[in-house]
Amino acid sequence: MTDPPYSKTQVRKAGRMLRDFFASGQLFMALPPDEREAVRRALEIVEWYRGSFATPLLKVRMGLKSFVDTCGYPDARIAQRHKRLPRIMHKLIRYPSMQITTMQDIGGCRVILPALEAVETLRKHIHRRWKAQIVDEDDYVAAPQESGYRAIHVIVRRDDRLIEIQLRTRRQHRWADTVEALSRRMGVELKWGGGPERVMAAFRHLADAMADLDRGLPVPEETRKTIEALFGDVDTL
């Protein structure tokens, strides 16, 4: 096995340098030559580190595909995503004490399942099969985010890389997907509590109603119509 070209210390240092550069708002070409070279070098290291998630991410996705088949959910949708550099920097700026090597979602897999029961079944299966690799878990179904966001996040370590697994119902995913799209248009982080309170309150209300639907509970007809206008037929989500 080939030794990695950069140590974790070098990666952390490069992450801090790029965070400070992006946070400063400076233009790259306005920097003195030696500082431009340092930023360029830091970028090279961070891009290498980001790229090193490709293989462990694929391994986790393949494992999840096997798990959903074993659990009896062959139609579950599985996707993987690599966090882009601007999003990595945005998160490091938002959480200044965070190190890039401890960020849990540079590589992520998402499994979209038909119901809460399926989410819980898969979560338990992951714990049985990957118990030694699990390093953290956040249950945003039992304790939703302030925004209304719901999902189960399981963090596993694969090949010394942290990979985030998101388990969602179809309704939870449709809500999050819509909120993320609106966040991009508005330039705010609605899913994590940013944005105008009036907008946040509306989406919290809809998230609560969709959670009731996931539990088989009735929702007011007016709310149901709003959900269908924004997210589609509630009975087929």
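The values are calculated or read from the model by the stated rules, or taken from the named source; none is laboratory data. Values in this document were obtained by computation on a predicted structure and should not be read as measured data. Cβ sites come from the backbone with ideal geometry, for glycine too, and all protein chains shown count toward neighbours. Just so you know, the surface numbers come from the protein's heavy atoms only, side chains and all, with ligands and any DNA or RNA stripped out. Shrake-Rupley method; radii C 1.70, N 1.55, O 1.52, S 1.80 Å.
Each Lys or Arg adds one and each Asp or Glu takes one away; over the other residues whose Cβ falls under 10 Å from the Cβ of Q80, this sums to +3.
Amide H contacts of R158 (H built 1.01 Å from N, in plane; Pro and chain starts excluded): I163 sit under 5 Å, all sequence-distant by 5 or more or on other chains. Between E180 and H125, full extension at 0.36 nm per residue minus the direct alpha carbon distance yields a gain of 16.9 nm. Helix 8-24 sits at what angle to the longest principal axis of the chain, using alpha carbons and giving 0 to 90 degrees rounded to 10? That helix lies at roughly 80 degrees to the long axis.
Expected output is a single nm value to one decimal: the length gained when fully extending between D75 and A38, i.e. 0.36 nm times separation in residues minus the C-alpha distance. What is it? Walk me through the numbers on the way to the answer.
On the way: separation 37, 0.36 × 37 = 13.32 nm, distance 4.78 nm.
So the extension gain works out to 8.5 nm.
With both residues required to sit in the chain, DSSP beta bridges show an antiparallel share near 70%. Based on the reciprocal of the average 1/r between different C-alpha atoms, the Kirkwood radius for the chain equals 19.6 Å. On a 0 to 90° scale, report how tilted helix 170-186 is relative to the longest principal axis of the chain, with both axes built from alpha carbons and the result rounded to the nearest 10. In the chain, helix 170-186 runs at an angle near 50 degrees to the longest axis.
At full extension, Y6 and E221 could sit 71.6 nm farther apart than now, given 0.36 nm per residue minus the alpha carbon distance. Taking packing as the residue-averaged number of other Cβ atoms within 10 angstrom, the listed peptides 157-163, 107-113, 28-34, 80-86 run from highest to lowest as 107-113, 157-163, 80-86, 28-34. The Cβ shell under 13 Å around D214 holds other residues with a net charge of +1, Lys and Arg each +1, Asp and Glu each -1.
I'd like the carbon and sulfur percentage of the solvent accessible area for the stretch 67-111, probe radius 1.4 Å, heavy atoms only, ligands and nucleic acids excluded. After summing per-atom areas, the C and S share lands at 51 percent.
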